[in-house]
1. Taking the residues in segment 44-72 that are under 12 Å from Phe127 (Cα atoms) and modelled with pLDDT of 90 or more as candidates, determine which candidate is surrounded by the most Cβ atoms within 10 Å (Cβ to Cβ).
2. Tally up the residues in segment 30-53 that are among the small types (Gly, Ala, Ser) and farther than 13 Å from Val148 by Cα, please.
3. If you take the residues of segment 129-150 that are aliphatic (A, V, I, L, M) and modelled with pLDDT of 90 or more, which of them is nearest to Pro59 (Cα to Cα)?
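The values are calculated or read from the model by the stated rules, or taken from the named source; none is laboratory data. Being a predicted model, the structure only gives us computed values, none of them experimental. A quick note on method: Cβ atoms are made from the backbone with ideal geometry, for glycine too, and the neighbour counts reach across all protein chains shown.
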Amino acid sequence: MLDWILFVAASAGGGFVWWRLASRSSGRSALYRFLAFELLLGLAFLTPGRWFVNPLSTPQVISWILLAAGLALALLALFRRPAGQSRDDAADRDPEEPPTLPARQGIYRFVRHPFYGAALFLGWGLFAKGLVPVDNTSFLSAFLLTGVSLFLVSAARADETADYLTFGAAYVVYVRSSKMLIPLIL
């Protein structure tokens, strides 16, 4: 029962954040991000009792590797900003000046949407945590993971459509030189 209360509370908090952010951003990607968040929450609440069962089993080791990769990707994206660059550079820009491509530094040289990639790693890591015995929970986890993967790819594609319209040919060059979600792979 406590799991359901926590799930509803986290969903309500996620819904509030989504509603606030969706009012500032346009496009479908905000809805896709929210739905992916909800399904990730569902995966997290399906697996709490399985996190430390057989800690050296293959699913557990794979799970920890995927979770660590997601954390590393998120941290690399978070700290990609060069020293001395403030978060308010976009606010300081003249409204008449055309927008410029985001800096292609750090992890952004290799992947265009590292936070979506990190969430994808998180989803796969949570799924691997639930693979201890095959039961109905494993099938539900597979269903939720499929939804997470589809919504994250859809969010990335929606963002890219907007970026194509905003940046034009420069963004096409960037797309050809990087991967969408996972460095060197996808």
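1. This residue is Ser63.
2. Number satisfying all stated conditions: 2.
3. Leu145
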